[in-house]
1. With the contact rule set at Cα under 8 Å and sequence spacing of 6 or more, what percent relative contact order holds for the chain?
2. For a quick check, take a GNM of the chain with Cα springs below 10 Å and name the residue from 37, 73, 16 with the largest mean-square fluctuation.
3. When the chain is fully extended, how far beyond the present Cα-Cα distance does residue 39 get from residue 52, taking 0.36 nm per residue of separation?
4. Any chance you could run the full-extension gain for residue 23 through residue 2? It's 0.36 nm times the residue separation minus the Cα-Cα distance, nm to one decimal.
5. If you fit an axis through the alpha-carbon atoms of helix 33-58 and take the longest principal axis of the Cα set of the chain, what angle between them do you get, 0 to 90°, nearest 10?
6. Angle check, please: helix 64-85 long axis (alpha carbons) against the longest principal axis of the chain (alpha carbons), in degrees 0 to 90, nearest 10.
7. Report, in whole Å, the centroid distance computed from the Cα atoms of region 50-91 and region 5-37.
8. Could you list 82, 5 so that the one with the fewest beta carbons within 10 Å of its beta carbon is first and the one with the most is last?
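Read the figures in this text as sums done on the coordinates, not as results from a lab. Keep in mind it's a predicted model, so treat the numbers as computed, not measured. With ideal geometry, Cβ positions are generated from the backbone for all residues, glycine too; neighbour counts draw on all protein chains shown.
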């Protein structure tokens, strides 16, 4: 049972690092871009060290399309939380509708052939 959830936990952790690497610097607009890129690369290395095993382990029970779909939905959830809590940006109904449509797409990926 744990084997089924470990890839999901690793994907969640990797997405936290990815979101920080990609968007964390937005609160520091005056930092030199070279510094921001180097720090982001260092953070992204941790993300890769989690994402690659997540996909390797996950592919033993999930298809590549299912893994990618999980990753995208996890990315949206992590980003939404990060955006609200760290960047102090609000989510609108447009965001909710867009996310819901992406989740509907995820449903069809996991539903199997129609």
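1. Taking the mean separation of contacting Cα pairs over the length of the chain, I get 34 percent.
2. Highest fluctuation among the options: 37.
3. 2.7 nm
4. Separation in residues times 0.36 nm, less the Cα-Cα distance, equals 4.4 nm.
5. Helix 33-58 sits roughly 10 degrees off the main axis of the chain.
6. The angle comes out at about 40 degrees.
7. 12 Å
8. 5, 82
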